[in-house]
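**Student:** Here it is, the structure in full.
The values are calculated or read from the model by the stated rules, or taken from the named source; none is laboratory data. This structure is a prediction, so every number in the text was calculated from the model and none was measured. FYI the Cβ positions are ideal-geometry reconstructions off the backbone, even for glycines, and counts take in every protein chain you see.
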Amino acid sequence: MSHRLINFAAVGVIALSLISCTPRNPHIVGGNIYLSQGKYDEALKQYQIAVEEEPENPDAHMALGKVYVHLKQHEMACQQFDKALNIDPTKIEIRISPANLTGDTASIYEGDMAKIYRTLGQPEGIYTLESNGQVIVEWAYWSKGVTYMFIDGKQKSKFTYPRLASGEKPPPDPNLPAEIKGQTSYFETVYYNAGVELIKQRKWEEALSRFKMVVQINPGSAPAYNNIGYIYGKLNQEEPMLEAYQKARQIDPKNTKAQFNLALYFMTQKQKYDRAAQLLEEVKQLAPQIKDTYRFLGVCYSNQEEYAKAEQAFLKAAELDSTNKDVFFNLGLVLIQKEEYQRALDALKRAIQLDPEDTEVLFSTGIAYTMLEDYRKAIDAFTEVIRFQPGNADAYSKRAEAKRELGLKQEAYEDFKKALELTGGK
């Protein structure tokens, strides 16, 4: 059964932007002209030459990364941004809105800030802004070693680290629009999209590194933590997986992605269907419109042999998605278990309409007809299975049983004989 990755849209609270500068390399200048004209292939060539000529020029790597973004090659872009930041961490500006800080604000804020700065090359430092003995930081701005902190949109304090050189002036106060809060940053989006690309390629370790960069840029990105948890699940590392999902839920208590992905982990990799069902019931309460919730709930309840609950889940899934073959197939299987064979046939026939060549559905249809003692239609169903899968020994065996019930002894014997050949006499 295929499982869909849920939720890949990033929501952030940090914005980053390239610091403007006048590039000296003529190929960067030429690339910028092509880029402004939308000629991305030509710009790519110019920036590649610039990187070849000046491999230690961070502007060249930044420019090359930027055109890769336009070409929707986000992983290639991240590789270039990494190189630029390794050469010169001051190539970016940071704006931070610690909107998710709770509890011991001072220590949480210091830890998150220090972590971000170390990632981007800033030396460790403790940055606090006190008001009446309490640390209250609405957001901060960092540029070239200068940290500005703001309350109510107004600059209240400024800390310089490291010290500015004698006579050097700090950068002008930045233009900080109120709507910056809640925005997704340029770099955050690029690294997030690169992680998504790598997940699709099943490159788990590489994807993990990209999403870890996202949460270093923006510690409040619940979608990034969701994907980190998903990847750790694929790597069968349960403890960090649970930590990531817990973090996502702390950031956004109404976020259903963590519960959903965690349920899939317990269902598909641990076969802990009771735990998975509990999580999916939580998702159902928070977001009753998510159709896959009911399909997977049905699977969990079926594996626990709670067929009445499974039936209700699959019926709701069919109501929300009448084109999903798996829903009707699983509903048919549940109804067979409940010995409601005619209703099972109705569900299986709908699945066959959606996919006439699905041999599992055709085989189950044959079983339902057999239980209803409609042996000729059972033979027809098993014959269809054999047409698509000539090596299906079970289909020969079940068709033989149906033929025997009709008194077709010689034909039944031939089918039994074929089934034995296919199974090596077992």
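**Student:** Could you please give the count of residues in segment 209-219 that are assigned to a helix (DSSP H, G or I) and out of contact with any Leu (no Cβ under 8 Å at 6 or more places or on another chain)?
**Tutor:** Residues flagged as assigned to a helix (DSSP H, G or I) and out of contact with any Leu (no Cβ under 8 Å at 6 or more places or on another chain) within segment 209-219 amount to 7.
**Student:** On to the next question. Within the group HIS3, HIS61, which residue is closer than 30 Å to VAL283 by Cα and modelled with pLDDT under 95?
**Tutor:** Every option except HIS3 fails the conditions.
**Student:** Okay, moving on. Being exposed (fewer than 15 other Cβ atoms within 10 Å of the Cβ) and of a type in the set (Lys, Arg) is the filter here; which residues of segment 388-416 pass it?
**Tutor:** Matches in segment 388-416: LYS409 only.
**Student:** Could you grab the pairs with beta carbons closer than 8 Å, sequence gap of 6+ or different chains, first residue in segment 210-229 and in contact (Cβ under 8 Å) with a residue 40 or more places away in the chain, second one buried (at least 24 other Cβ atoms within 10 Å of the Cβ) and among the acidic types (Asp, Glu)?
**Tutor:** Qualifying pairs under 8 Å: VAL214/GLU188; ILE217/GLU188; ASN218/GLU188; SER221/GLU188.
**Student:** Can you tell which of LEU354, LEU406, LEU420 is within 25 Å of PHE328 (Cα to Cα) and among the hydrophobic types (A, V, I, L, M, F, W, C)?
**Tutor:** Every option except LEU354 fails the conditions.
**Student:** While we're here: Return yes or no: is ILE217 touching a Ser or Thr at 6+ places or on another chain (Cβ under 8 Å) and surrounded by fewer than 23 Cβ atoms within 10 Å (Cβ to Cβ)?
**Tutor:** Criteria not met by ILE217.
**Student:** Find the residue count for segment 252-296, including only residues that are surrounded by fewer than 21 Cβ atoms within 10 Å (Cβ to Cβ) and either closer than 16 Å to PRO223 by Cα or in contact with an Asp or Glu (Cβ under 7 Å, 6 or more places away or on another chain) (or both).
**Tutor:** Within segment 252-296, residues that are surrounded by fewer than 21 Cβ atoms within 10 Å (Cβ to Cβ) and either closer than 16 Å to PRO223 by Cα or in contact with an Asp or Glu (Cβ under 7 Å, 6 or more places away or on another chain) (or both) number 4.
**Student:** Follow-up. Suppose we keep only residues that are among the basic types (Lys, Arg) and within 15 Å of THR189 (Cα to Cα) within segment 43-85. Which one would you say is surrounded by the fewest Cβ atoms within 10 Å (Cβ to Cβ)?
**Tutor:** It comes out as LYS72.
**Student:** Looking for something under 17 Å from the mean Cα position of the chain (by Cα), buried (at least 20 other Cβ atoms within 10 Å of the Cβ) and modelled with pLDDT of 50 or more - is there at least one such residue anywhere in segment 176-188?
**Tutor:** There is at least one residue in segment 176-188 that is under 17 Å from the mean Cα position of the chain (by Cα), buried (at least 20 other Cβ atoms within 10 Å of the Cβ) and modelled with pLDDT of 50 or more.
**Student:** Hey, another quick one. Test ASP415 against the criterion of being closer than 27 Å to GLN304 by Cα, part of a helix (DSSP H, G or I) and acidic (Asp, Glu), and give yes or no.
**Tutor:** No; evaluated as a whole, the condition is false for this residue.
**Student:** Could I ask something else about it? Is it fair to say ASN303 is surrounded by fewer than 21 Cβ atoms within 10 Å (Cβ to Cβ), of a type outside the set (A, V, I, L, M) and more than 28 Å from ALA207 (Cα to Cα)?
**Tutor:** In short, yes.
**Student:** Can you spot a residue in segment 361-380 that is touching a helix residue (DSSP H, G or I) at 6+ places or on another chain (Cβ under 8 Å), under 30 Å from LYS309 (Cβ atoms) and in contact (Cβ under 8 Å) with a residue 40 or more places away in the chain?
**Tutor:** The answer is no; no qualifying residue exists.
**Student:** Residues in segment 318-341: is at least one surrounded by 19 or more Cβ atoms within 10 Å (Cβ to Cβ), touching a Gly at 6+ places or on another chain (Cβ under 9 Å) and not hydrophobic (A, V, I, L, M, F, W, C)?
**Tutor:** There is at least one residue in segment 318-341 that is surrounded by 19 or more Cβ atoms within 10 Å (Cβ to Cβ), touching a Gly at 6+ places or on another chain (Cβ under 9 Å) and not hydrophobic (A, V, I, L, M, F, W, C).
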